[in-house]
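A.B. asks: Below is a structure I'd like to ask you about.
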């Protein structure tokens with residue numbers, strides 16, 4: 001698949017192996033855990049490369065870790081023609097892409113996402129980020145990778161939690177508009193296929209192509225995410241992104257029903273689709289108490305907020321809009 005984002009051609013290739021990916025001038029940033037699980041696939045690729053091994057968790061997606069990566073780049077004489085390859089889930093691809101986008105004002109970037117979520121969302125569309133001062137993805141850039149390589153063999157070692165995170169983003173994509181994905185995943189019985197991957201990617205890229213920096217139509221991809229980022233931040237990232245997004249979609253539907261923008265049938269249908277993939281429903285009481293105290297502050301730090309809070313809500317089944325609201329307490333009340 002080929003997409004053009006702001007005159008940058010991004011190729012997305014589904015490959016059986018990486019045998020042909022041999023570059024003389026490359027740096028690899030790889031999730032330690034992924035490397036241990038997938039040595040047979042990855043060792044031929046990273047052989048004779050300078051490799052930065054990264055312990056991928058949200059608490060390491062920080063400026064401190066970024067400085068370590070920059071030092072690694074300096075020590076290995078990285079220049080703007082060096083290909084930076086990020087291998088791992090969304091945390092790894094986010095920080096790799098941010099480092100590549102900012103070091104010497106931009107190096108070449110390629111990504112190999114290894115989780116379902118990263119394959120359909122995190123590595124796609126050009127967003128990069130690190131967390132800052134307890135707020136998720138507070139610092140970032142827009143910097144599309146020139147190539148993204150997907151190998152379904154990585155999915156064989158995923159935990160059930162990792163599968164669920166990916167399905168939350170697929171469900172989200174299917175609910176944004178009538179785009180054909182709902183029909184595929186409704187009958188697919190939670191099986192990850194090339195068709196599911198490519199369709200979800202196609203939907204995201206169609207919204208990103210003409211709106212790389214998130215000023216218009218692309219904002220619809222934030223369905224559920226305003227709620228989700230509050231949940232993630234309040235939990236100290238103990239609630240993963242997929243679970244938080246699933247709850248966020250449910251809360252967006254509840255908000256829309258309360259505002260009489262959707263009827264009860266639409267509300268039930270949205271929740272039923274989420275239930276079909278056993279996606280998260282509830283927030284633990286402990287996290288609700290934190291949201292009650294700190295939720296409004298977290299919302300105000302959300303990168304999607306302007307003078308008002310931008311919330312993606314439903315105005316029908318498979319029909320969303322971006323609504324600006326002034327009262328962040330409405331969001332907090334739904335979460336507690």
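The values are calculated or read from the model by the stated rules, or taken from the named source; none is laboratory data. All figures in this text were calculated on a predicted structure; none of them were measured in a lab. Here Cβ is always computed from backbone atoms with ideal geometry, including for glycine, and neighbour counts include all displayed protein chains.
A.B. asks: Free of Cβ contacts under 8 Å to residues at least 60 places away in the same chain, crowded, with 23+ Cβ neighbours inside 10 Å and at negative phi, is that true of residue 144?
C.D. replies: Considered against the rule, which asks whether it is free of Cβ contacts under 8 Å to residues at least 60 places away in the same chain, crowded, with 23+ Cβ neighbours inside 10 Å and at negative phi, residue 144 comes out as no.
A.B. asks: Please verify whether residue 169 is without any contact (Cβ under 8 Å) to a residue 40 or more places away in the chain and in contact with a helix residue (DSSP H, G or I) (Cβ under 9 Å, 6 or more places away or on another chain), treating the condition exactly as stated.
C.D. replies: no
A.B. asks: Can you tell me which residues in the stretch 48-59 are farther than 18 Å from residue 73 by Cα and either outside the structural domain of residue 74 (by TED's automatic domain parsing) or surrounded by fewer than 18 Cβ atoms within 10 Å (Cβ to Cβ) (or both)?
C.D. replies: Within the stretch 48-59, 57, 59 qualify.
A.B. asks: Taking the condition modelled with pLDDT under 90 and in contact with a strand residue (DSSP E or B) (Cβ under 9 Å, 6 or more places away or on another chain), does residue 209 pass?
C.D. replies: It is true that residue 209 is modelled with pLDDT under 90 and in contact with a strand residue (DSSP E or B) (Cβ under 9 Å, 6 or more places away or on another chain).
A.B. asks: Hey, can you tell me all the residues within the stretch 248-279 that are loosely packed, with under 15 Cβ neighbours inside 10 Å and farther than 21 Å from residue 185 by Cα?
C.D. replies: Across the stretch 248-279, the qualifying residues are 258, 259, 260, 263, 264.
A.B. asks: Only one residue in 146, 202, 183 is farther than 15 Å from residue 88 by Cα and in the same structural domain as residue 103 (by TED's automatic domain parsing), so which one is that?
C.D. replies: 146
A.B. asks: Let me ask something else. If you take the residues of the stretch 237-247 that are surrounded by 18 or more Cβ atoms within 10 Å (Cβ to Cβ) and outside any helix (DSSP H, G or I), which of them is modelled with the highest pLDDT?
C.D. replies: Once the filter is applied, the top-ranked residue is 239.
A.B. asks: Which of the residues belonging to the stretch 211-235 are assigned to a loop (DSSP other than H, G, I, E, B) and crowded, with 24+ Cβ neighbours inside 10 Å?
C.D. replies: 223, 224
A.B. asks: Scan the stretch 1-24 for residues that are over 18 Å from residue 209 (Cβ atoms), surrounded by 13 or more Cβ atoms within 10 Å (Cβ to Cβ) and at pLDDT below 85 and jot them down.
C.D. replies: Those that are over 18 Å from residue 209 (Cβ atoms), surrounded by 13 or more Cβ atoms within 10 Å (Cβ to Cβ) and at pLDDT below 85: 15, 18, 21, 23.
A.B. asks: Right, next: With (1) in a helix (DSSP H, G or I); (2) within 25 Å of residue 309 (Cα to Cα) as the list, and residue 198 as the residue in question, which single condition is left unmet?
C.D. replies: (2)
A.B. asks: Only one residue in 245, 230 is under 24 Å from residue 154 (Cα atoms), in contact (Cβ under 8 Å) with a residue 12 or more places away in the chain and either assigned by TED's automatic domain parsing to the domain that holds residue 90 or in contact with a helix residue (DSSP H, G or I) (Cβ under 7 Å, 6 or more places away or on another chain) (or both), so which one is that?
C.D. replies: When all the criteria are applied, what remains is 245.
A.B. asks: Shifting gears a bit: Just wondering, is there one or more residues in the stretch 296-312 that are modelled with pLDDT of 95 or more, closer than 14 Å to residue 261 by Cα and touching a strand residue (DSSP E or B) at 6+ places or on another chain (Cβ under 9 Å)?
C.D. replies: Within the stretch 296-312, one or more residues are modelled with pLDDT of 95 or more, closer than 14 Å to residue 261 by Cα and touching a strand residue (DSSP E or B) at 6+ places or on another chain (Cβ under 9 Å).
A.B. asks: Can I ask one more? From the residues in the stretch 119-138 that are touching a helix residue (DSSP H, G or I) at 6+ places or on another chain (Cβ under 7 Å) and more than 23 Å from residue 170 (Cβ to Cβ), which one is modelled with the highest pLDDT?
C.D. replies: So, considering only residues that are touching a helix residue (DSSP H, G or I) at 6+ places or on another chain (Cβ under 7 Å) and more than 23 Å from residue 170 (Cβ to Cβ), the one modelled with the highest pLDDT is 130.
A.B. asks: Further question: Residue check: is residue 75 within 12 Å of the chain's Cα centre (by Cα) and in the same structural domain as residue 60 (by TED's automatic domain parsing)?
C.D. replies: no
A.B. asks: Which residue pairs have Cβ atoms closer than 7 Å, lie 6 or more positions apart in sequence or on different chains, and pair a first residue in the stretch 15-44 that is assigned by TED's automatic domain parsing to the domain that holds residue 150 with a second residue that is surrounded by fewer than 11 Cβ atoms within 10 Å (Cβ to Cβ)?
C.D. replies: 25/81; 44/19
A.B. asks: Which one is nearest to residue 21 (Cα to Cα) among residues in the stretch 104-113 that are assigned to a strand (DSSP E or B) and touching a helix residue (DSSP H, G or I) at 6+ places or on another chain (Cβ under 6 Å)?
C.D. replies: The extreme case among them is 111.
A.B. asks: Among (1) more than 27 Å from residue 324 (Cβ to Cβ); (2) in contact with a strand residue (DSSP E or B) (Cβ under 8 Å, 6 or more places away or on another chain), which single condition is residue 276 missing?
C.D. replies: In the conditions (1) more than 27 Å from residue 324 (Cβ to Cβ); (2) in contact with a strand residue (DSSP E or B) (Cβ under 8 Å, 6 or more places away or on another chain), residue 276 misses (2) alone.
A.B. asks: I've got another one for you. Report the residue count in the stretch 42-70 for those that are farther than 26 Å from residue 240 by Cβ and in contact with a helix residue (DSSP H, G or I) (Cβ under 7 Å, 6 or more places away or on another chain).
C.D. replies: The total comes to 1.
A.B. asks: Check every one of the helices (runs of 4 or more DSSP H) wholly within the stretch 263-336 and list those with 3 or more residues that are under 28 Å from residue 135 (Cβ atoms).
C.D. replies: The qualifying helices (runs of 4 or more DSSP H) are 285-300, 329-335.
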